[in-house]
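The values are calculated or read from the model by the stated rules, or taken from the named source; none is laboratory data. Every value quoted in this text rests on a predicted model; they were computed, and no experiment measured them. Heads up, the Cβs are rebuilt from the backbone with ideal geometry, glycines too, and the neighbour counts pull from every protein chain shown. When the accessible area is computed, the model is the full protein with side chains, heavy atoms only, and any ligands, DNA or RNA have been set aside. Shrake-Rupley method; radii C 1.70, N 1.55, O 1.52, S 1.80 Å.
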Amino acid sequence: MFLYIIGLIVCFYVYRWFRELGRVPNKSEKFVYITGCDTGFGNLLAKHLDTKGFRVIAGCYTEKGEVELKKSCSDKLTTLHLDVTDNYSIKKAAETIKTLVGEKGLWAVVNNAGISFPTAPNDWLEIEEFKQMINVNLIGVVAVTLSVLPLIKKAKGRVVNVASVFGRISTVGGAYCITKYGVEAFNDSLRRNMAPFGVKVLCIEPGFFKTTVTDSAVFESHLQRLWNKLPQEVKDEYGSDYIDRTKTVVKERYEKMLDSDLMKVVSCMEHAVAAVHPRTRYSPGWDAKIFWLPLSYMPTFISDAVVLKDAVKPKVSVL
């Protein structure tokens, strides 16, 4: 009986592998709009899809990002200035895209733009610091999607939302996990809403990868800035050595978890855009597959124990 089960599992994965090999035709006629293309995943995806023959529309926050991307891509690629927190910028980009794609519509939008700092214990933060990240990571995703959704419906295309394993399990303070949970919820509701129109809505849930979003030096700088602003009472609760202990954990554990192979994520993004039969969810990174996602399905007392086991404890901790 055990061998039959193993055989069925093997057959399922072989079938899925063959089914997922097919790629959509006429790539040169398909426009793909990507946000957050200055650096990281968005930048690599823009270059990768350009080499695959897609008509890439790359949203960049900085002029430097636009210039550098144009230098390394073909003349088929179009760059746009895009601030996902600015409605005028989003609408202006959408108008340009409408002119570019014409009656064919927009094949895909990849909502990649995002920030991860400030991340700190919740009682170190003020509401404005939550709002800043929510505006970029969540409201920006919704606003960009809605701005081009009629064009995607016309093409019977795709919406690809970049969430995180931290949209499945919350481990850190601040708005990051909140926004990624929100992206997951938006993704699920939009997928069901768009199914009758032939639009596919896919989600990318990466584990820990080495990008500007996970830069430990930036994290430490933000943490130190927040610490310096704290009332003495809160500093006493956490202990004068809390910052030093946190930096040690970042150096000894966190940095070792970061995967430098960003193409693992980009390949998932490309598959979501280009495959005839894309997956509903992608979880690039072994830490996501083997640790974070299984942990997210555990009973709360188990996931709490695992997360708190290696967390830096405040001086007044009763754990």
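Data overview
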{"quantity": "Tally of residues being surrounded by fewer than 16 Cβ atoms within 10 Å (Cβ to Cβ) and part of a helix (DSSP H, G or I) across region 224-234", "calculated": "7"}
{"quantity": "Within region 117-140, considering residues that are touching a helix residue (DSSP H, G or I) at 6+ places or on another chain (Cβ under 6 Å) and open to solvent by 10 Å² or more (accessible area, probe 1.4 Å), the one farthest from Arg192 (Cα to Cα)", "calculated": "Trp124"}
{"quantity": "Failed criterion for Ala93 (all others in (1) among the small types (Gly, Ala, Ser); (2) open to solvent by 20 Å² or more (accessible area, probe 1.4 Å); (3) in contact with a helix residue (DSSP H, G or I) (Cβ under 9 Å, 6 or more places away or on another chain) hold)", "calculated": "(2)"}
{"quantity": "Single residue of region 9-23 satisfying the filter (in a helix (DSSP H, G or I) and open to solvent by less than 100 Å² (accessible area, probe 1.4 Å)) that is nearest to Ala272 (Cα to Cα)", "calculated": "Arg16"}
{"quantity": "Selected residue (only one of Glu220, Glu233 is farther than 30 Å from Glu20 by Cα, touching a helix residue (DSSP H, G or I) at 6+ places or on another chain (Cβ under 9 Å) and without any contact (Cβ under 8 Å) to a residue 40 or more places away in the chain)", "calculated": "Glu220"}
{"quantity": "One residue from Gly285, Gly239 being among the small types (Gly, Ala, Ser), touching a helix residue (DSSP H, G or I) at 6+ places or on another chain (Cβ under 7 Å) and open to solvent by less than 80 Å² (accessible area, probe 1.4 Å)", "calculated": "Gly285"}
{"quantity": "Members of region 128-173 that are among the β-branched types (Val, Ile, Thr) and within 25 Å of Leu82 (Cα to Cα)", "calculated": "Ile134, Val136, Ile139, Val141, Val142, Val144, Thr145, Val148, Ile152, Val159, Val160, Val162"}
{"quantity": "Looking only at region 294-309, and only at residues there that are open to solvent by 60 Å² or more (accessible area, probe 1.4 Å) and either part of a loop (DSSP other than H, G, I, E, B) or not aliphatic (A, V, I, L, M) (or both), the one that is nearest to Gly167 (Cα to Cα)", "calculated": "Tyr297"}
{"quantity": "Test for Arg55: is it within 30 Å of Leu149 (Cβ to Cβ) and more than 24 Å from the chain's Cα centre (by Cα)", "calculated": "no"}
{"quantity": "Check on Ser221, surrounded by 16 or more Cβ atoms within 10 Å (Cβ to Cβ) and part of a helix (DSSP H, G or I)", "calculated": "no"}
